[in-house]
């Protein structure tokens, strides 16, 4: 696997090393030893699937507050997304900075999201599916979020005539209101 750190400290793109032939390819999607050699969490206690019927479905910006902060490992298994992370660690040199990457079923790239970093995405195709692994179980009392269109963060989302959001995501506070 190829680990490439993003501009957000501790967040990595993880690309499989494909072994291809006329049948297709084989690649490892996870290796505990390689994750540990990179200093990354290799223990995931929960897995989830996100299915999105329509392109333009936007989910975010989500995170879990202490003491239930979580690490996420995300892969698009069908379709494509623009995946966005925002560093919300007040002591980070990249505080309030964001990073976006396209995850597709074809590129098989995973995004490793460390604790203290919010996550969101918009589906680029109909019928898009994601597979998540998390280091902590979901805790409703610790579940948090902020506005996807927060002008102080300034995420440059792909343009769609209409975004499909939950009422919860649409009405999250701005990031500065959470401090």
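The values are calculated or read from the model by the stated rules, or taken from the named source; none is laboratory data. The structure displayed is predicted, hence computed values, not measured ones. Neighbour counts are summed over all protein chains in view; Cβ atoms, including those assigned to glycine, are modelled from backbone coordinates with ideal geometry.
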Specify which of the listed residues (99, 76, 82) is buried (at least 21 other Cβ atoms within 10 Å of the Cβ) and modelled with pLDDT of 95 or more.
76
Is at least one residue of region 119-137 surrounded by fewer than 19 Cβ atoms within 10 Å (Cβ to Cβ) and free of Cβ contacts under 8 Å to residues at least 40 places away in the same chain?
no
Restricting to region 64-77, and then to whatever is in a loop (DSSP other than H, G, I, E, B) and in contact with a helix residue (DSSP H, G or I) (Cβ under 7 Å, 6 or more places away or on another chain), can you tell me which residue is nearest to residue 174 (Cα to Cα)?
65
Among the residues listed as 100, 80, the single one being out of contact with any helix residue (DSSP H, G or I) (no Cβ under 9 Å at 6 or more places or on another chain), free of Cβ contacts under 8 Å to residues at least 60 places away in the same chain and more than 19 Å from residue 12 (Cβ to Cβ)
80
Yes or no: region 23-35 includes at least one residue that is closer than 18 Å to residue 103 by Cα and out of contact with any strand residue (DSSP E or B) (no Cβ under 9 Å at 6 or more places or on another chain).
yes
Candidates 146, 172, filtered to the one that is crowded, with 19+ Cβ neighbours inside 10 Å and more than 16 Å from the chain's Cα centre (by Cα)
172
